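The values are calculated or read from the model by the stated rules, or taken from the named source; none is laboratory data. On a predicted model such as this, the values are computed, not experimentally measured, just so you know. Cβ atoms come from the backbone with ideal geometry, glycine included; neighbour counts cover every protein chain shown. Ligands, DNA and RNA are excluded from the accessible area calculation, which covers all protein heavy atoms including side chains. Shrake-Rupley method; radii C 1.70, N 1.55, O 1.52, S 1.80 Å.
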Amino acid sequence: MSDRTFEDVKDVILSAHKNTEAGDKVGFYNTWAENYDQDVVLLDYRAPSLAANCLSPCFHGDRVTAVILDVACGTGLVAAQLKKMGFRHFVGIDGSKGMLELANKTGLYQDLKQCMLGDEPLPIQAGQFDVVVIVGALSDGQVPVKVIRELCQATKPGGYVCMTTRGNHDNLEYKAALEHELELMEGAGLWGHVAIKEVEEWEKAVAEQEKGYIPGVVYVYRKSSQ
């Protein structure tokens, strides 16, 4: 039984915000991997279940044969939620070797690949996936907004992309840039939104100026069939 507390988790997350270089970020997640799953429970981190619950009613294909790309997969929290909803085939990508090792132990993934998102192209073929998900990584100091065009490219025509971001004060500039890019891509006919769900209680606040819970958003887009 662990004796870790919410204060321990706050310290870990706030230290991550100080790591601005890609190498520092990966080192942080490699170190955090061992305690990650128990820490997100203490954080009451709801993004994986919120994303899965938002995506599930939008998807009308065959869940048994659908192939899902889980970008920034971490230890496999999103795939675990989607498996409960009938999905079976997962390919995971993450920048952290430590996280990928834990994801591999879950037995959820048919394939796992290491990639520094934003610095390296996604190591997959275009138009290959029925669903692409990225949960928890689209935020300030993590994955750059430009990556969502790669997520769209990875998706099959008519397939779905499910994304999340936080709505707390420190992430508002990033969120605005993300939503601008989503709208530009929709205006260009690349995809259309099918669900946008704003959630007030996303996860517990960790910044000193924030109390209670911070908000977040789930976006589900469907790629154009052309």
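Structural remarks
- Failed condition for Ile148, given (1) outside any helix (DSSP H, G or I); (2) under 26 Å from Leu82 (Cα atoms); (3) without any contact (Cβ under 8 Å) to a residue 60 or more places away in the chain: (1)
- The criterion of at least 1 residues that are open to solvent by less than 20 Å² (accessible area, probe 1.4 Å) and in contact with a strand residue (DSSP E or B) (Cβ under 8 Å, 6 or more places away or on another chain) is met by the following strands (runs of 3 or more DSSP E) wholly inside the range 18-126: 67-71, 89-94.
- Residue count, the range 163-174 (criterion: buried (at least 20 other Cβ atoms within 10 Å of the Cβ) and either of a type in the set (Val, Ile, Thr) or within 16 Å of Ile214 (Cα to Cα) (or both)): 5
- Test for Leu138: is it of a type outside the set (Phe, Trp, Tyr) and touching a helix residue (DSSP H, G or I) at 6+ places or on another chain (Cβ under 7 Å): yes
- Selection within the range 128-145: residues that are part of a strand (DSSP E or B) and within 11 Å of the chain's Cα centre (by Cα). The member of this set that is surrounded by the most Cβ atoms within 10 Å (Cβ to Cβ) is Val132.
- Residue count for the range 1-23, restricted to those that are modelled with pLDDT under 70 and of a type in the set (D, E, K, R): 2
- Inter-residue pairs, beta-carbon under 7 Å, first closer than 17 Å to Tyr36 by Cα and in contact (Cβ under 8 Å) with a residue 24 or more places away in the chain and in the range 97-113, second β-branched (Val, Ile, Thr) and open to solvent by less than 60 Å² (accessible area, probe 1.4 Å), 6+ apart: Met99/Thr75; Leu102/Thr75; Ala103/Thr75
- Residue pairs whose Cβ atoms lie under 7 Å apart, separated by 6 or more positions or on different chains, with the first residue in the range 54-65 and farther than 16 Å from Ala79 by Cα and the second open to solvent by less than 90 Å² (accessible area, probe 1.4 Å), are Cys58/Tyr160; Cys58/Val194; Cys58/Ala195; Cys58/Val220; Gly61/Asp130.
- For the range 175-190, a residue qualifies if it is without any contact (Cβ under 8 Å) to a residue 24 or more places away in the chain, hydrophobic (A, V, I, L, M, F, W, C) and either part of a helix (DSSP H, G or I) or surrounded by 15 or more Cβ atoms within 10 Å (Cβ to Cβ) (or both), and the qualifying residues are Ala176, Leu184.
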